[in-house]
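S.K.: Quick one: the structure is below, and I'll ask about it shortly.
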Amino acid sequence: MDPTVSWSAPAERTLPGVDPPGLQELTHWTVKVTVIIVLGVMITLGNIAVLLVISSSVAGWSRNSRYFLLSLTVADSAFGLLVMPLNLSVSVLKGHTDALCHVVAFCNATIYSTCMYTLAMISLERYVAVFYPLQCSTLMTRRRTLLLIAFAWCFPPFLLSPISFPGGIIEVHFSTASLVCNPTYSTNVGYSLSLTGAIFFPCSIIMTYCNLRVWCAAKRQRLKLRQYGCALRNRHNVASRVLVPVMTAYFTCWTPCMAAMIYNAVSGSGVPEWVEFVVVWLPTSNGFLNCIFYFWINRSFRRKFRLVLRRPELALCPGLARSMGASMVHFESEFVDNNNGIHERSSSVSSTCTLVTLM
């Protein structure tokens, strides 16, 4: 019998209207890559715009707030500039080595952890500013702020270093379902649970406690001002505009991923293909949502961004603007808001500080 006939026989048994396995796999891969690229472009462009604005002063934002927000923006930018290109490169390279996958998995876990730690630090700074306004400058000094940021960036690599070593205690594999180099947590359940216990749960507890206390303080202050006729009813609620969306986005993006990680470690079995793809890449979308909740709903930020587009030398190079004869008085007046416009500076720590000082 001609061997070519026996080889082509399985293709004849393919059901009508059903794609061959190879074509179906290629279609899924194309859809996944397209989603990842679009998400990466959105995150990168959004955070680059944020960096252009907060690299110089923004009205209503303290120096420490800018440091923390700069750290968060850089970490979110790493999703689009580092995490996504590395994982897509591994998915394109058919003959990827085990060592490369270990390095990519280490970068993934480090960036994810740094983002969670930075979000927790921002919540902690807001809590200190609201409940300890008089001691805020001594409790959150520039040195301590930079130390907290250094901890958020340096502790995750130290904690996750076992992932980077091929043949170590953590095995790494490339998942064709999520197109990501994932640690095989089922081979070391104790270490997998310790990662979530040292990163996700502490950060979630800090964020929940701090933001809930700030939300309650803002609500009490709003009710007191309204009781004495000092607050307009049509003003936007600061807590509803910032704190609630931030916490909702955080738990929506990160909880499914952590739950799937724990499930894989405990049960030893994986989740369905598209479920894994969604829960693995969902945390990266938090990098784009942070741009909206922390920056774009802020009037001072939007005003500064428009100035950057019109006169970039005024926004980014004040010294150059002075040498060109530009009026810095106009530059300053563009961004100094009236103290009554607390709701317009919803993402600044100084505005939340005002909520308590008004009492």
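S.K.: I'm told T196 meets every condition in (1) open to solvent by 10 Å² or more (accessible area, probe 1.4 Å); (2) touching a residue at least 40 places away in the same chain (Cβ under 8 Å); (3) within 30 Å of W29 (Cα to Cα) except one. Can you identify the failing condition by its number?
M.R.: All conditions are met except number (1).
S.K.: Grab the helices (runs of 4 or more DSSP H) fully contained in segment 244-328, keeping just those with 2 or more residues being at pLDDT 75 or above, more than 30 Å from E171 (Cβ to Cβ) and open to solvent by less than 50 Å² (accessible area, probe 1.4 Å).
M.R.: Because the criterion is at least 2 residues that are at pLDDT 75 or above, more than 30 Å from E171 (Cβ to Cβ) and open to solvent by less than 50 Å² (accessible area, probe 1.4 Å), the helices (runs of 4 or more DSSP H) in segment 244-328 that meet it are 244-267, 273-291, 299-310.
S.K.: How many residues are under 19 Å from I43 (Cα atoms) and out of contact with any helix residue (DSSP H, G or I) (no Cβ under 7 Å at 6 or more places or on another chain) if we restrict to segment 61-111?
M.R.: Selection size over segment 61-111: 3.
S.K.: Filter segment 67-94 down to the residues that are open to solvent by 50 Å² or more (accessible area, probe 1.4 Å) and more than 20 Å from K32 (Cα to Cα), then identify the one that is modelled with the highest pLDDT.
M.R.: Looking at the filtered set, the residue picked out is V74.
S.K.: Return the residues of segment 137-182 that are buried (at least 22 other Cβ atoms within 10 Å of the Cβ), modelled with pLDDT of 90 or more and not aliphatic (A, V, I, L, M); say none if nothing qualifies.
M.R.: Selection gives P156 alone.
S.K.: Does G46 qualify as being over 30 Å from R213 (Cα atoms) and open to solvent by less than 30 Å² (accessible area, probe 1.4 Å)? Break it down into steps so the answer makes sense when it comes.
M.R.: Values: over 30 Å from R213 (Cα atoms): no; open to solvent by less than 30 Å² (accessible area, probe 1.4 Å): yes.
In short, no.
S.K.: Among the numbered conditions (1) surrounded by fewer than 16 Cβ atoms within 10 Å (Cβ to Cβ); (2) touching a residue at least 12 places away in the same chain (Cβ under 8 Å); (3) not in a helix (DSSP H, G or I); (4) not hydroxyl-bearing (S, T, Y), tell me where L134 comes up short.
M.R.: (2)
S.K.: Would it be correct to say that A99 is more than 17 Å from W61 (Cβ to Cβ) and within 19 Å of the chain's Cα centre (by Cα)?
M.R.: On the way: more than 17 Å from W61 (Cβ to Cβ): yes; within 19 Å of the chain's Cα centre (by Cα): no.
No: the conditions fail for A99.
S.K.: From A120, A150, grab the single residue that is free of Cβ contacts under 8 Å to residues at least 12 places away in the same chain and either outside any helix (DSSP H, G or I) or under 28 Å from M258 (Cβ atoms) (or both). Break it down into steps so the answer makes sense when it comes.
M.R.: Details: A120 fails: free of Cβ contacts under 8 Å to residues at least 12 places away in the same chain.
That would be A150, the only listed residue that is free of Cβ contacts under 8 Å to residues at least 12 places away in the same chain and either outside any helix (DSSP H, G or I) or under 28 Å from M258 (Cβ atoms) (or both).
The values are calculated or read from the model by the stated rules, or taken from the named source; none is laboratory data. The model shown is predicted, which means the values in this text are computed figures rather than measured ones. Methodologically, a virtual Cβ is constructed for each residue, glycine included, from the backbone with ideal geometry; neighbour enumeration extends over all protein chains shown. Accessible surface is based on the protein model in full, side chains and every heavy atom, while ligands, DNA and RNA are left aside. Shrake-Rupley method; radii C 1.70, N 1.55, O 1.52, S 1.80 Å.
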